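Novice: One structure, pasted below without further comment.
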Amino acid sequence: MPFQFRKEAIEEDLNSNFPSQGQGNPPLYYSLSEVVVPTYSINSVTEGSGLAENLQTAWDFSTGHNTVSNATTTVINNTGFWKVSLNAVLGGTGGVGSMQITDGLSNKTIWRYSSTTTGTNQTDNTLDDQIVFLRTGDSLVVSSNTGDLDIDVWYRQIATLNGTLVNPLGFSFA
């Protein structure tokens, strides 16, 4: 006869999740002739030591904001991973805006807005979300070539340069 053991918590969980397996009629026993595979989750969210991504990347009181109009502005010059959202609002007859990563020598455009409307004024609105990685020496620059194009940018660091997650300001596990 194989070794049998009972663990009520396991039985209750299995009986509630797999009702066709008997509901204890006869009682559900486990033996060495059956396979019981213990599992361990290495997911920090399931073990309670990490936040789900949508919570970890929440906007918080550390969120930065800039409005760029007819200018080029360095928005972020710290290393790491950044959640960046921007809203371009054109209230005139045309304009070009961009978001670039620069290392001081060259630029990499990662977002661009262009409208070539001529004649009458128009209102145009576009919203975009990005995750940006900045190395040592990199900066995130936003530019608008006209006063008719306002680009609102808001941003929050979500991880450090080495990938350590940055939780929302003031958050702690209880």
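Novice: Quick check on segment 92-112. Is at least one of its residues more than 24 Å from Asp148 (Cα to Cα), in the same structural domain as Gly137 (by TED's automatic domain parsing), part of a strand (DSSP E or B) and of a type in the set (Phe, Trp, Tyr)?
Specialist: no
Novice: Identify all residues within segment 147-165 that are crowded, with 17+ Cβ neighbours inside 10 Å, aliphatic (A, V, I, L, M) and at pLDDT below 95; write none if there are none.
Specialist: Those that are crowded, with 17+ Cβ neighbours inside 10 Å, aliphatic (A, V, I, L, M) and at pLDDT below 95: Leu149, Ile151.
Novice: Oh, and also: So if I check each of Thr164, Thr160, which one is farther than 28 Å from Ser115 by Cβ and in contact with a strand residue (DSSP E or B) (Cβ under 6 Å, 6 or more places away or on another chain)?
Specialist: Every option except Thr160 fails the conditions.
Novice: Output the residues belonging to segment 80-115 that are out of contact with any Leu (no Cβ under 9 Å at 6 or more places or on another chain) and modelled with pLDDT under 80.
Specialist: The answer is Thr93, and nothing else.
Novice: Separate question: Mind listing whichever residues of segment 116-132 are modelled with pLDDT of 95 or more and surrounded by 13 or more Cβ atoms within 10 Å (Cβ to Cβ)?
Specialist: Val132 - this is the single residue of segment 116-132 that is modelled with pLDDT of 95 or more and surrounded by 13 or more Cβ atoms within 10 Å (Cβ to Cβ).
Novice: Now for a separate question. Tell me whether segment 61-71 contains one or more residues that are touching a Phe, Trp or Tyr at 6+ places or on another chain (Cβ under 8 Å) and not polar (S, T, N, Q).
Specialist: The answer is yes; a qualifying residue exists.
Novice: Then there's this: For Trp82, state whether it is surrounded by fewer than 16 Cβ atoms within 10 Å (Cβ to Cβ) and among the aromatic types (Phe, Trp, Tyr).
Specialist: It is false that Trp82 is surrounded by fewer than 16 Cβ atoms within 10 Å (Cβ to Cβ) and among the aromatic types (Phe, Trp, Tyr).
The values are calculated or read from the model by the stated rules, or taken from the named source; none is laboratory data. On a predicted model such as this, the values are computed, not experimentally measured, just so you know. Neighbour counts run over all protein chains shown; Cβ positions are idealised from the backbone, glycine included.
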